[in-house]
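Novice: Here it is: the structure, laid out below.
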Amino acid sequence: MARILVTEEIAEGGLDRLREAGHEVDTRLGLSPDELISVVPGASALIIRSATQVTADVLAAASDLMVVGRAGIGLDNVDVEAATAQGVMVVNAPQSNIVSAAEHTMALLLASARNVPQAHAALVQGRWERSKWEGVELVDKTLGVVGLGRIGKLVADRAKGFGMRLVAYDPFVSEDRARQMGVELLDLDQLIAESDFLTVHLPKTPETIGLINRDLLVKAKPSLRVVNVARGGIVHEQDLADCINDGIIAGAALDVFSSEPMTESPLFDIPSVVVTPHLGASTREAQDKAGDTIASMVELALAGDFVPFAVNVNATEANETVRPFLPLAERLGSMFQSLVGATPDVLEVCVEGEIAGYDTRIIELAVLKGFFGSISEDPVTYVNAPQLAKDRGLSVREVNCATSADYVNLLTVSGNGHSIGGTLSGPRAGQRVVSIDGVPFDVPPVDNMVVITNDDRPGVIGTVGTLLGEAEVNIADMDVSRTDDDKAVMLIAPTKRVPSAILDDLRAAPGIVSVVTLSA
């Protein structure tokens, strides 16, 4: 099985799951960048948290790497672009620590409002300083939420319980959706001007680095306190320190920093600043969830299955209605490659029926994965399949139609004058091949199928059965149909691969026009 390199502390439950699946879990903690480059060759998976830097150099050294698993949310320590170019899937655990991060945001919000850590430090040092550490209430104060994603929404929900007025900046949230959450949307400048507390919940991107800076903070109330439990660098730390020291705003509470570990900062000497060492996800529950989730994602990736939390796959999470069709789509892609022989200029993926109403981009990726998986020497994944298509000059066209004439749902792959169609049938959603080159069939697919076109005359089916029987090849299933020019066509699902010599005998038999094998 696969070697999985783990470079940071991960909950043992998740690692045990990978060991039970037969994988080798190689735990190497505290590696330097050079040490990481020296040990990553031979690893099929790399599991990290926030400290390990997965650079282009690391990826270049990891010739066998299939997946990078980040046990957490942020991916600013992973070169996702380089990973994608190399065909390496990058996965995270986006829902594992959202409750912990939201609760830590509220903890810092309260700590900043009531000066809890400062008062604690004074008291344990023998100073009783009640008047010095007077705080403010949260009730009736305005909380500005920058980013109404999963965590931002949870923070807003919790702040309601404290009687706070909620305003938010998020250009991707509609007015109606914000209204349902009890939040008023404002532009960023107005948000800063009206907020008593500001909490940041954004990803770290080139657009968000330094977003909260002096030019913005000078528009704030003197009572503003800034909280950041998102990603370091979104708040410009020197600007923040200067604004607090200059009396422009009142204080801040930070859990994340522009570089970590951070042990020296201009913020550390300011009495009205509360800091914690990136504890947003540091709860037992979050770590257990992250470990279990990332183990599950890595296991799926190594098996070549669809991975719901893959961040560099050009498709949204597969809907539960769409997901059962992915193995069928992959199998059709592989069989189509056998049918067409060479790579066509255009490959068309037609999705008909109920599933056409969903986002079906992942079905297209599954078809490409199957198509190239049967001819590529290297592993083919949902990540690198589009790049393989581009490299080979294959243009992919997806056609969706909400209705299908004969089936509830139908997938058809076509190109270069050939086509193959399939569907799922029955209470167990069994795969069925229902057409090849426009000829109707109804046969469950197997790994090595045979399509025989013959003159429509007596005795041909008997000849086929005799030749296969003499080679000890049983027929698990078959169907016979007819072409428009009155040729008979057999689609045979044998119990094992038909030997090449028998295929040659079949081609030479009287009445047989052609014999094609389909590998799935």
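The values are calculated or read from the model by the stated rules, or taken from the named source; none is laboratory data. Keep in mind it's a predicted model, so treat the numbers as computed, not measured. Positions of Cβ are generated from backbone atoms using ideal geometry, with glycine treated the same way; all protein chains shown enter the neighbour counts. Protein only, heavy atoms only, side chains kept; ligands, DNA and RNA dropped before computing areas. Shrake-Rupley method; radii C 1.70, N 1.55, O 1.52, S 1.80 Å.
Novice: Based on alpha-carbon positions alone, could you give the equivalent ellipsoid semi-axes of the stretch 291-364 from the gyration tensor, as √(5λ), descending, whole Å?
Specialist: 25, 16, 11
Novice: Cα centroids of the stretch 267-293 and the stretch 180-243: how far apart, whole angstrom?
Specialist: The stretch 267-293 and the stretch 180-243 have Cα centres separated by 19 Å.
Novice: For the stretch 178-273, rounded, prolate or oblate, judged on the Cα gyration tensor with a ≥ b ≥ c (square roots of eigenvalues), a/c < 1.5 rounded, else prolate if a/b > b/c?
Specialist: Oblate, because a/c is 1.5 or more while a/b does not exceed b/c.
Novice: Whenever you get a sec, line up 481, 258 from highest to lowest accessible area (probe 1.4 Å, protein heavy atoms).
Specialist: Putting 481, 258 in descending order of accessible area: 258, 481.
Novice: Next question, about the same structure. By the gyration tensor of its Cα atoms, with a ≥ b ≥ c the square roots of the eigenvalues, what is the shape of the stretch 244-284: rounded for a/c under 1.5, prolate for a/b over b/c, or oblate?
Specialist: Prolate shape, in that a/c is at least 1.5 and a/b is the bigger ratio.
Novice: Using the Kirkwood formula over every pair of different C-alpha atoms, what hydrodynamic radius in Å results for the chain?
Specialist: 26.8
Novice: Which lysines, if any, have their Cα less than 24 Å from the Cα of residue 141, not counting same-chain residues under 8 positions apart?
Specialist: The reachable lysines, counting only those whose Cα sits under 24 Å from residue 141, are 132, 153, 160, 219, 221.
Novice: For every helix of n ≥ 4 consecutive DSSP H residues, a contribution of -39,500 (n - 2.57) applies; sum these over the chain, divide by its total residues, and give [θ] at 222 nm rounded to the nearest 500 deg cm²/dmol.
Specialist: So the calculated ellipticity at 222 nm is -9000 deg cm²/dmol.
Novice: Using the Cα centre of the chain as the reference point, and only Cβ charges (+1 on K/R, -1 on D/E), how large is the resulting charge dipole? Debye, rounded to the nearest 20.
Specialist: It comes to approximately 1100 debye.
Novice: Given a 1.4 Å probe and heavy atoms of the protein chains only, how would you sort 299, 377, largest accessible area at the top?
Specialist: Of 299, 377, the descending order of accessible area is 377, 299.
Novice: Also: What accessible surface, in Å², does a 1.4 Å probe find on residue 263, ignoring ligands, DNA and RNA and rounding to the nearest 10?
Specialist: Counting only protein heavy atoms, the figure is 110 Å².
Novice: Can you give the accessible area of residue 348, probe radius 1.4 Å, in Å² rounded to 10?
Specialist: Near enough 50 Å² of accessible area.
Novice: While we're here: Along the charge dipole of the chain, which of 205, 520, 186 sits closest to the positive end, that is, farthest toward it, with unit charges on the beta carbon of Lys, Arg, Asp and Glu (+1, +1, -1, -1)?
Specialist: 186
Novice: So what's the net charge close to residue 288: Lys and Arg +1, Asp and Glu -1, counting the other residues with Cβ under 13 Å from its Cβ?
Specialist: Surrounding charge for residue 288 is -2.
Novice: If you don't mind, there's one more thing I want to ask. With a sphere of radius 12 Å drawn around the Cβ of residue 26, what net charge do the other residues whose Cβ falls strictly inside it have (Lys, Arg +1; Asp, Glu -1)?
Specialist: +2
Novice: Here is a further query. How many angstrom lie between the Cα centre of the stretch 121-174 and the Cα centre of the stretch 48-88?
Specialist: When both Cα centres are located, 35 Å separates them.
Novice: How do 517, 199 stack up against each other in accessible area, from largest to smallest, with a 1.4 angstrom probe?
Specialist: I get 517, 199, largest accessible area first.
Novice: Return one whole number: the accessible area per residue of the chain in Å², for a 1.4 Å probe.
Specialist: The answer is 45 Å² per residue.
Novice: Could you list the square roots of 5 times each eigenvalue of the Cα gyration tensor of the stretch 223-380, that is, the equivalent ellipsoid semi-axes, sorted largest first and rounded to whole Å?
Specialist: Its equivalent ellipsoid spans semi-axes of 50, 17, 15 Å.
Novice: Along the positive direction of the dipole of the chain (beta-carbon charges: Lys, Arg +1; Asp, Glu -1; about the Cα centre), which of 365, 136, 61 reaches farthest?
Specialist: 136
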